[in-house]
Amino acid sequence: RCLLKMVKGNIIVPEDILSFCCNGLQGSTSPPRAREPGEREEAPGAMASPSAARNPTEVQMSQLVLPCHTNHRGELSTGQLLKWIDTAACLSAERHAGCPCVTASMDDIYFEHTISVGQVVNIKAKVNRAFNSSMEVGIQVSYEDLCSGKHCSICKAYATFVAQGPLGSKVRLQPLTPQTEEEKIEYSIAAERRRMRLAHKDTLKDLLTSSPQETELETRDGSGAVPAERTRVESVELVLPPHANHQGNTFGGQIMAWMENVATIAASRLCHAHPTLRAIEMFHFRGPSQVGDRLVLKAIVNNAFKNSMEVGVSAEAYGQEMSVSRRHINSAFMTFVVLDQEGHPRTLPMVAPEPGDGERRYREASARKKIRLDRKYVVSCKQTEVPLSVPWDQSNKVYLSYNNVSALKMLVAKANWALAREKEKVRMYTLEEDKFLSFRIEMSVCIPASRAFSLLSNLRRRHEWDSHYVSAELVQKVDDDDMIYHVVSQKLRNENKPQDFVILASRRKPCSKGDPYVVAFRSVTLPTHPARAEFTRGETLCSGFCIWPESEEMSKVAYYNQATPGYLTYVTTNVAGLSSDICSTFEACEKFLLKNKEDLISRLQD
């Protein structure tokens, strides 16, 4: 009665009464504020920061690791962690979509550390980019030791979710507008990651076709090899309401947890010890399962290397009627190690695959190991840790192309560009970072963006406007979007020989409205074109063009370059105003574009 009098008849929900009681215990005499009709309740939480502007799709989750979440070593079960990751990512996706979402895939995950009882798992998830009906969610996982205050990164993951309307229909998503520099980088690179996911299966097929000698059965006659059939595991799970969302579809994280469980058992049967999961290759959900389904989970060790093993695991679903054929729900490949008391990986026994499918899985496991190393080496490491010239081959072509384009997009999204010079229509900007000096040259040109893109992506015509280029020979056409050139340029100051480069040129058309046309360049190494005595081998780390349409006939053309040591003196001379060579070159580029635009118009009129 007292509470009702204090708020003059307004309705108070239980949370307000609890808040009032807590404030009263702390000596507060202020009554709780009644919510206005239609006002949304604010989500409480220690991580909420009232002063910082948060991404509206961002979800933060903190979980205290209890004994029920851990394995025999008192470490957090990877399956439990996958469930938390999937839940946080799904909540973020649904915030943007405004409707139920389902997990479509989860990219490779590399686990850097284990988490112990009593520590806190902090998960942050937010939507990086929305496409038509799918979206990419970025997830960062770290742990916190409450006693020492130590924080440590565990893993970073990318998940794809699909928005679903009534009766499972697809929902067209609203585009996402990034705000911060970090969000702009993730937004821009999300399109490249999507492209890489779609090409993953073809990459494996190409490697197995072109390099069969790399996947020969090394353990066919190996003494002491363990038959792979001994590691086979099959288990069944009944999908109950707690395992599913409000639409009755099984949580992707729950399926991943069950898959991790049988994979761990299979790995244990090989090594007769308790293995540690180090990496998971991309999960891809091929179809849904519902409450009442039976999930059959199968796992087997495909191949054992010196210090690690790959376990293949699949999930199939069927209903109550056994006569109905099983539906393939998911497949994944997990890499395990066995650690000794000092935390070092132990040597593992060899595996003897079964003839037929077993040998195929064995060879594919070797190919996947190479792809994982390529992907981790080229894609996952920081840009400053990647060598200037990475060896190019069929197995890593997708990841080199990804690295090439994403490095340029990251440079474009940087926020601290400073105007250094302006000469008529040409503007020169610089970006000073710890290890690099980058520059950007931009101008507006009266030419359609698609035409400028076509002209500037052809390195064989660059000598027509860039006096530094002597020639550019097309060495290999990888596909319609990626080509490798051997470029010969003029001598630099204090050099007595011309320079040559082996350059990967990667082209990208806009993925959606507002995206630029992109032409990215980086150095690669080809066995057919080693360094030669008559040239000084030069290298480019990150350079290229971005072209934004300003109207049907106008484009903003910008050239970016992350200066390497051999190029640095030339750049700083131009930035300081001691030379106008870069501006003059770009003015020549404008004339080249306008001339070829007019030539095209003349040909069309003829």
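The values are calculated or read from the model by the stated rules, or taken from the named source; none is laboratory data. Please read all numbers here as calculations on a predicted model, not as lab measurements. FYI the Cβ positions are ideal-geometry reconstructions off the backbone, even for glycines, and counts take in every protein chain you see. We work out accessible area using only protein heavy atoms, side chains counted, and drop any ligands, DNA or RNA first. Shrake-Rupley method; radii C 1.70, N 1.55, O 1.52, S 1.80 Å.
So the values come out like this:
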quantity	calculated
Amide H contacts under 5 Å for ASN302, placed H, 5+ residues apart	GLU310, VAL311, GLY312
5 angstrom amide H check on ILE329, placed H, neighbours 5+ away	ALA315, GLU316, ALA317
Pairwise centroid distance, computed over Cα atoms, of segment 271-290 with segment 82-122, Å	15
Ranked order, LYS423, LYS201 - accessible area, probe 1.4 Å, largest first	LYS201, LYS423
Mean separation of Cα contacts under 8 Å (6+ apart) over length of segment 386-596, as relative contact order %	25
Ordering of 542-553, 504-515, 304-315 by burial proxy (mean other Cβ atoms within 10 Å per residue, highest first)	304-315, 542-553, 504-515
Cα centre as origin, Lys/Arg/Asp/Glu Cβ charges: segment 386-596 dipole, Debye	60
Binned Cα-Cα distances of segment 233-348, short to long, each 5 Å bin given as a whole percent	2, 12, 22, 20, 15, 12, 8, 5, 3, 1, 0
Table column - 3J(HN,Hα) (Hz), segment 468-484, Karplus curve with 6.51, -1.76, 1.60, x for Gly and Pro	6, 8, 8, 7, 9, 9, 6, 8, 8, 8, 5, 7, 5, 10, 10, 9, 10
Packing-based order for 132-139, 466-473, using average beta carbon neighbours within 10 Å, highest first	132-139, 466-473
5 angstrom amide H check on SER105, placed H, neighbours 5+ away	THR160, PHE285
Highest-first arrangement of 336-346, 283-293, 409-419, where packing means the average Cβ count within 10 Å	283-293, 409-419, 336-346
Neighbour net charge for TYR158 - beta-carbon separation under 10 angstrom, K R +1, D E -1	0
Residue-by-residue Karplus 3J(HN,Hα) for segment 527-537, coefficients 6.51, -1.76, 1.60, Hz, glycine and proline x	x, 6, 10, x, 4, 10, 5, 7, 10, 9, 5
Local electrostatic count at MET135 - Lys and Arg +1, Asp and Glu -1, tallied over other residues with Cβ under 11 Å	+2
Net charge, GLU442 excluded, C-beta distance under 10 Å - Lys, Arg +1, Asp, Glu -1	+4
Lysine pairs in segment 386-596 with Cα atoms under 20 Å, if 8 or more residues apart or on separate chains	19
Whole-number accessible area per residue in Å² for segment 386-596, which is evaluated in the context of all protein chains at 1.4 Å	44
